[in-house]
Amino acid sequence: MTIHRMDNVGIVVGDLEAAVAYFTELGLDVEGRARAEGPWADQCVGLEGVVSDVAMMRTPDGSGRLELAQYQSPAAHPAPLNPPHNTLGMHQELTQA
């Protein structure tokens, strides 16, 4: 079995407008924007009281989408800086210049 395509990737961001500007600069197009809230949103993400602003970005060839979400409620928690390499999930590493 091989992956033939990837349709959607989601990223939680702290500043939706800055993230949209960044990925637009990389060549993605804004496909749409919405606010997700209420019982449906709560059930989808497993949290209570969800209010999230979402921007859906489309790749230039139209084959993939990037879903950017900024949580208004509950507050998003920043990932720890420089987590051990074996930490599950996506993480960032910061170095001092």
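The values are calculated or read from the model by the stated rules, or taken from the named source; none is laboratory data. Note that the structure is a prediction, hence the values are computed from the model and not measured. In this analysis, Cβ positions are derived from the backbone assuming ideal geometry, glycine residues included, and neighbour counts consider all displayed protein chains.
Condition first: in a loop (DSSP other than H, G, I, E, B), modelled with pLDDT of 90 or more and under 17 Å from the mean Cα position of the chain (by Cα). Can you find one or more residues in segment 69-90 that meet it?
Pass one, segment 69-90, residues in a loop (DSSP other than H, G, I, E, B): 74-90.
With the extra rule that they be modelled with pLDDT of 90 or more, the set shrinks to 74.
Cutting the leftovers down to under 17 Å from the mean Cα position of the chain (by Cα) gives us 74.
Scanning segment 69-90 turns up at least one residue that is in a loop (DSSP other than H, G, I, E, B), modelled with pLDDT of 90 or more and under 17 Å from the mean Cα position of the chain (by Cα).
If you check Ala41, Ala55, Ala36, which single one turns out to be surrounded by 13 or more Cβ atoms within 10 Å (Cβ to Cβ), within 17 Å of Val12 (Cβ to Cβ), modelled with pLDDT of 90 or more and in contact with a helix residue (DSSP H, G or I) (Cβ under 6 Å, 6 or more places away or on another chain)? Lay out the reasoning, then the answer.
Working: Ala41 fails: in contact with a helix residue (DSSP H, G or I) (Cβ under 6 Å, 6 or more places away or on another chain); Ala36 fails: in contact with a helix residue (DSSP H, G or I) (Cβ under 6 Å, 6 or more places away or on another chain).
Sole residue among the options that is surrounded by 13 or more Cβ atoms within 10 Å (Cβ to Cβ), within 17 Å of Val12 (Cβ to Cβ), modelled with pLDDT of 90 or more and in contact with a helix residue (DSSP H, G or I) (Cβ under 6 Å, 6 or more places away or on another chain): Ala55.
With respect to Asp61, determine if the residue is under 16 Å from the mean Cα position of the chain (by Cα) and surrounded by fewer than 16 Cβ atoms within 10 Å (Cβ to Cβ). Before you say what the answer is, go through the steps one by one.
Numbers: under 16 Å from the mean Cα position of the chain (by Cα): no; surrounded by fewer than 16 Cβ atoms within 10 Å (Cβ to Cβ): yes.
Against the criterion (under 16 Å from the mean Cα position of the chain (by Cα) and surrounded by fewer than 16 Cβ atoms within 10 Å (Cβ to Cβ)), Asp61 does not qualify.
Quick check on my filter: what residues within segment 67-77 are over 18 Å from Arg35 (Cβ atoms) and either aliphatic (A, V, I, L, M) or in contact with a Phe, Trp or Tyr (Cβ under 7 Å, 6 or more places away or on another chain) (or both)? Break it down stepwise before answering.
Taking segment 67-77 and keeping what is over 18 Å from Arg35 (Cβ atoms), we get 77.
The answer is none; no residue qualifies.
Out of the residues in segment 1-33 that are over 15 Å from Pro60 (Cα atoms) and surrounded by fewer than 10 Cβ atoms within 10 Å (Cβ to Cβ), state the one that is modelled with the highest pLDDT.
Going through the qualifying residues, I end up with Thr2.
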